[in-house]
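Down below is the structure, laid out as structure tokens.
Just so you know, all these numbers are worked out from the coordinates, no wet-lab data involved. Given the structure is predicted, the values throughout are model-derived calculations rather than measurements. Here the Cβ positions follow ideal geometry from the backbone for every residue, glycine too, while neighbour counts run over all protein chains shown.
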Amino acid sequence: MNKPFRQPAVLGIVGYSGAGKTTLIESVLPHLVAAGLQIATLKHTHHTIPLDIPGKDSWRHKQAGAAMSMLLTTSQLQIIQDVVPQTGPENLIPAYCADMDLVLIEGFTHMVCAKIEVWRGECAKSLRCADDPELIAIASDTPYDMNGLPVLPLNDSAGIARFILHWLASDDR
């Protein structure tokens with residue numbers, strides 16, 4: 001590609017629960033990484049999950065009152081940090097992803113960013129983001145007519161990765 005990417009680009013992968021958002025991200029990541037991109041992913045969940053191991057040093061630091069505890073190994077960094085309720089990706093991306101080429105967001109349907117919606121014919125529901133002006137494509141296992149919006153074959157991860165790379169290089173983002 002001739003044109004450098006603006007850093008970091010943000011692309012939402014949205015759709016109903018069970019549509020295949022995680023599977024799509026998992027399948028396109030190797031193609032995007034092979035193209036030389038540094039990619040971060042950020043997934044939304046409504047559930048509270050344990051992020052640290054009770055009794056370990058980093059957990060003990062948080063229990064003692066640290067607002068942030070970092071655990072650094074020879075190859076990984078874990079950060080456990082208190083956040084204000086409803087902290088969104090728009091606050092996290094500048095702080096943690098500034099050196100990434102692309103941030104793939106899973107969920108966060110209402111975030112203002114370009115989106116690809118994963119939609120399955122068996123779902124029998126309308127698109128979740130049909131009225132969202134940021135929707136740039138649909139990844140589907142079934143043909144879908146959405147006023148000329150690109151419909152990408154859901155099982156063609158290489159083709160979806162090419163679409164994303166083209167989008168990254170375009171002036172439209």
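Points to keep in mind about this one:
- Helix 21-34 vs. the chain, principal-axis angle (Cα, 0 to 90°, nearest 10): 90 degrees
- C-alpha long axis of helix 157-169 to longest principal axis of the chain, angle in °: 80 degrees
- Per-q log10 I(q)/I(0), the stretch 14-91, q = 0.15, 0.20 Å⁻¹ (Debye; single scatterer per alpha-carbon; no solvent): -0.81, -1.12
- Cα radius of gyration and Dmax for the stretch 27-173 (Å): 18.6, 56
- The lysines whose alpha-carbon is closer than 17 Å to the alpha-carbon of Lys21, local same-chain residues fewer than 8 away aside, are Lys43, Lys115, Lys125.
- The loop-placed trypsin sites (Lys or Arg not before Pro) in the stretch 25-84, going by DSSP, that have at most 13 neighbouring Cβ atoms within 10 Å of their Cβ come out as Lys56.
- The value for the stretch 54-121 of Rg(Cα) / (2.2 N^0.38 Å) is 1.47.
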